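Read the structure below first, then the notes.
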Amino acid sequence: MVAEHIAELLQLQEQYATPFLYEASVCGSIPIIRNLEEYYDNDLLKSICGIVNGSTNYILTKMIDEQMPYPKALERAQFLGFAETDPSLDVLGIDAVNKLTILLAHAYGVVTHPQRLLHIGIDRLNPFDSKHAEEKDFVIKLVAQAIKLTNGKIAAFVLPHYIDKSSQLYAVKDEFNGVVIQSSLADKQFLYGKGAGRYPTASAVLSDISALRYAYRYEYHKLNTHAEITDDFYLRIYCSFERITQIELKDFEWVEEFHSQEARQYLIGVIQFKKLIASNWVNKKTISIIVCPDGVIEEIDTRKVKKLSHLLAGSHFVEKTSETLSNLPKELSGI
Ligand SMILES: NC(=O)c1ccc[n+]([C@@H]2O[C@H](COP(=O)([O-])OP(=O)(O)OC[C@H]3O[C@@H](n4cnc5c(N)ncnc54)[C@H](OP(=O)(O)O)[C@@H]3O)[C@@H](O)[C@H]2O)c1
């Protein structure tokens, strides 16, 4: 309700001069909204990157740590009461994108609608993808990201991510939530806690009630910075599919790896976000899309120049050596 009606709720607060607090709506007991509202100045806040949905995190933990099949892990999450009333809200990434919408208003003063943000859930993940995670020592997490790019615009999306051990999110397991906040001066800070459950949720609600005693209200003071969402940036993604013909290779700037097995194939490549959302394959249920570690790339020009200089010098530019890269048609590994 908050995410879908945030613009209207802002207007109602203004009209009736009445505070409306909703700390529990994002990450349950973690005081993320008030921190973003009060502490992080917009210019200093580089990014927020969080596991904001406990149910999917529980399912992914079971799938990776215990090799539990997805349907069984979902059933267990429902049995334990971690899933939303309608579990499709969790597994399709809708709950996470709702939370991202609320975070965007408080982090960057961006008022948007969840339907305007790309969100892919965990329902399309394949055991093949978990196996890849295991081989690389990664875990898979459903991550909501908002990043302030150097041009001041905001990149925002919810996608499954491969997370390596250097990230604080690596250790966020089961139904727990965690958010990494990066600011220019403080660097990375990490908030971790219970995202649901009656007592943790009550703690956030109680804190709001207590704050109302001294007339606390969200000021939304970043709204006047007029920050905008952009789709002009690049992602390094892993894509797995039954056959490579299910995607459009020409949508990628370049492909770094391609592996083919009988049951499934995958590639790792760099794609412009704009092209990803406009592609005719992004929503295909048979394709897994997972963001690689440090997968957000602001601009690729310097890297293109680097590739070109390698090509002119007569050498092949291969960012990650892969025996099977040669399986790709030649034009795909060029710029
Ligand atoms: N329960 C927890 O432990 C907990 C903890 C932390 C955070 N949260 C978060 O808090 C939110 C609500 O959770 P809940 O357990 O209270 O869910 P819930 O029992 O399903 O209640 C959701 C309420 O919101 C209303 N609603 C939903 N979408 C709406 C829309 N677009 N317009 C108007 N009303 C709308 C529903 O109305 P109808 O009944 O008419 O559908 C319902 O009254 C969720 O995002 C959840 O993740 C819950």
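Just so it is clear, none of the values below were taken in a lab; they were calculated from the coordinates. What you are looking at is a predicted structure, and each value in this text was computed from that prediction instead of being measured. Backbone-built Cβ (ideal geometry, glycine too); neighbour counts: all protein chains shown.
What's the total number of residues in the stretch 134-152 that are in contact (Cβ under 8 Å) with a residue 12 or more places away in the chain and more than 17 Å from the chain's Cα centre (by Cα)?
At the first step, the residues of the stretch 134-152 found to be in contact (Cβ under 8 Å) with a residue 12 or more places away in the chain are 134, 136-152.
If we keep only those that are more than 17 Å from the chain's Cα centre (by Cα) as well, we get 134, 136-137, 150-152.
Looking only at that region, the number is 6.
Taking the stated definitions as given, is Y199 among the hydroxyl-bearing types (S, T, Y) and in contact with a strand residue (DSSP E or B) (Cβ under 8 Å, 6 or more places away or on another chain)?
Criteria not met by Y199.
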Scan the stretch 2-59 for residues that are farther than 18 Å from A215 by Cα, touching a Lys or Arg at 6+ places or on another chain (Cβ under 9 Å) and within 11 Å of the ligand (Cβ to nearest atom) and jot them down.
A3, S25, V26, C27, G28, S29, I30, V52, N53, G54
Suppose we filter the stretch 74-90 for residues that are more than 9 Å from the ligand (Cβ to nearest atom) and over 19 Å from K194 (Cα atoms); how many remain?
2
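Restricted to the stretch 197-217, and to residues that are among the hydrophobic types (A, V, I, L, M, F, W, C) and assigned to a helix (DSSP H, G or I), which residue is nearest to the ligand (Cβ to nearest atom)? Explain how you work it out, then say what you get.
Let us first name the residues in the stretch 197-217 that are among the hydrophobic types (A, V, I, L, M, F, W, C), namely 202, 204-206, 209, 211-212, 215.
Still in the running and assigned to a helix (DSSP H, G or I): 202, 204-206, 209, 211-212.
Numbers: A202: 9, A204: 7, V205: 9, L206: 13, I209: 15, A211: 17, L212: 18 Å.
Across the stretch 197-217, the extreme among qualifying residues is A204.
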Considering only residues that are closer than 20 Å to D95 by Cα and free of Cβ contacts under 8 Å to residues at least 40 places away in the same chain, which ones fall in the stretch 6-24?
E8, L9
Helices (runs of 4 or more DSSP H) lying entirely in the stretch 36-137 (those with 2 or more residues that are farther than 27 Å from K274 by Cβ)
54-65, 70-79, 88-91, 127-136
